[in-house]
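The values are calculated or read from the model by the stated rules, or taken from the named source; none is laboratory data. From a predicted model like this one, the values you see are computed outputs, not experimental measurements. Glycine gets a Cβ as well: all are built from the backbone with ideal geometry, and neighbour counts include every protein chain shown. To get the accessible areas, we keep the full protein, side chains included, count just its heavy atoms, and leave off ligands, DNA and RNA. Shrake-Rupley method; radii C 1.70, N 1.55, O 1.52, S 1.80 Å.
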Amino acid sequence: MAHVQIAIDGPSGAGKSSISKAVAKALGIVYVDTGALYRTIGYYARSQGITLDEIGKIVPLLGNVHIEVKYEDGVQCVYLNGENLGDRIRENEISMYASKVSALPEVRAFLLDTQKDIARKNSVIMDGRDIGTVILPDAQVKVFMTASAEARARRRFIELVQKGMPQPYEVVLADILERDHADSSREVAPAVAAPDATVFDNSDFDLEGSIAELLNIIRRTLAEKGIELA
């Protein structure tokens with residue numbers, strides 16, 4: 001039986017990662033957080049003293065970057081040059097770095113094979129900005145998960161407080177809006193819904209409700225296509 005590919009796209013803060021991770025566990029398939037890969041490149045750029053305004057300087061340094069994706073107890077861990085970065089790539093500043101580096105075609109090409117290789121070897125649910133349009137254009141299920149900027153900012157604000165990295169709500173909202181503009185207006189692989197994607201606005205859903213609804217969408221779509229998970 002062929003591997004099943006489920007592509008989840010959408011803006012920053014829509015809950016793609018936490019929701020997709022829970023859905024992958026429920027379905028017994030591999031969860032791939034592609035945003036973590038771009039965050040890792042962004043983390044490396046900052047570690048090299050590269051500012052957001054000169055992000056192009058990361059391109060000639062890509063040859064020094066070795067990224068490994070490992071699954072430890074079912075959790076995706078991203079290693080940069082042999083080091084597991086953990087939550088360090090989740091810092092608010094790294095979010096902006098991730099958005100900047102993801103606009104560089106050289107970075108996208110650098111990470112493309114890594115993402116496609118995982119999907120070739122496993123049934124996956126993969127989330128990001130251009131999964132259904134670029135990375136997995138033949139995915140059997142495509143969902144564009146979104147929410148209002150205010151709802152996403154509230155969720156991000158709470159997440160940062162819980163992680164001990166609090167930021168003022170106004171700052172978080174401004175970052176969300178700035179990243180939305182950067183992601184949707186970039187020339188390379190802008191964050192837009194694939195023509196055949198199901199749009200899921202979870203502004204009024206809590207985490208459990210979002211997980212249940214995404215499972216419903218996936219199971220309904222697979223059933224309509226006569227596809228069973230291996």
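Surrounded by 10 or more Cβ atoms within 10 Å (Cβ to Cβ) and touching a Ser or Thr at 6+ places or on another chain (Cβ under 8 Å): does that describe VAL78?
Values: surrounded by 10 or more Cβ atoms within 10 Å (Cβ to Cβ): yes; touching a Ser or Thr at 6+ places or on another chain (Cβ under 8 Å): yes.
Considered against the rule, which asks whether it is surrounded by 10 or more Cβ atoms within 10 Å (Cβ to Cβ) and touching a Ser or Thr at 6+ places or on another chain (Cβ under 8 Å), VAL78 comes out as yes.
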Next on the checklist: Quick check on this structure: which one of ASP117, ASP113 is closer than 21 Å to ALA194 by Cα and either touching a strand residue (DSSP E or B) at 6+ places or on another chain (Cβ under 7 Å) or assigned to a helix (DSSP H, G or I) (or both)?
Outcome noted: ASP113
Item to check | Test for ALA147: is it within 27 Å of ALA119 (Cβ to Cβ), touching a residue at least 24 places away in the same chain (Cβ under 8 Å), surrounded by 19 or more Cβ atoms within 10 Å (Cβ to Cβ) and small (Gly, Ala, Ser) | outcome: yes
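Can you say whether LEU173 is assigned to a helix (DSSP H, G or I), modelled with pLDDT under 90, more than 17 Å from the chain's Cα centre (by Cα) and surrounded by 13 or more Cβ atoms within 10 Å (Cβ to Cβ), as far as the supplied structure shows? Step through it out loud before you land on a result.
Values: assigned to a helix (DSSP H, G or I): yes; modelled with pLDDT under 90: no; more than 17 Å from the chain's Cα centre (by Cα): yes; surrounded by 13 or more Cβ atoms within 10 Å (Cβ to Cβ): yes.
For LEU173, the condition - assigned to a helix (DSSP H, G or I), modelled with pLDDT under 90, more than 17 Å from the chain's Cα centre (by Cα) and surrounded by 13 or more Cβ atoms within 10 Å (Cβ to Cβ) - is not met.
So, SER123, is that one closer than 24 Å to GLU228 by Cα, open to solvent by less than 50 Å² (accessible area, probe 1.4 Å) and touching a residue at least 24 places away in the same chain (Cβ under 8 Å) or not? Quick ask: steps written out before the conclusion?
Values: closer than 24 Å to GLU228 by Cα: yes; open to solvent by less than 50 Å² (accessible area, probe 1.4 Å): yes; touching a residue at least 24 places away in the same chain (Cβ under 8 Å): yes.
Taking the combined requirement at face value, the residue satisfies it.
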Checklist entry - Within segment 22-62, restricting attention to residues that are small (Gly, Ala, Ser) and within 16 Å of ARG108 (Cβ to Cβ), which residue is most open to solvent (accessible area, probe 1.4 Å)? => result GLY56
Item to check | Unique residue being closer than 26 Å to TYR97 by Cα and either in contact (Cβ under 8 Å) with a residue 24 or more places away in the chain or touching a helix residue (DSSP H, G or I) at 6+ places or on another chain (Cβ under 6 Å) (or both) when the list is LEU214, LEU222, LEU173, LEU229 | outcome: LEU173
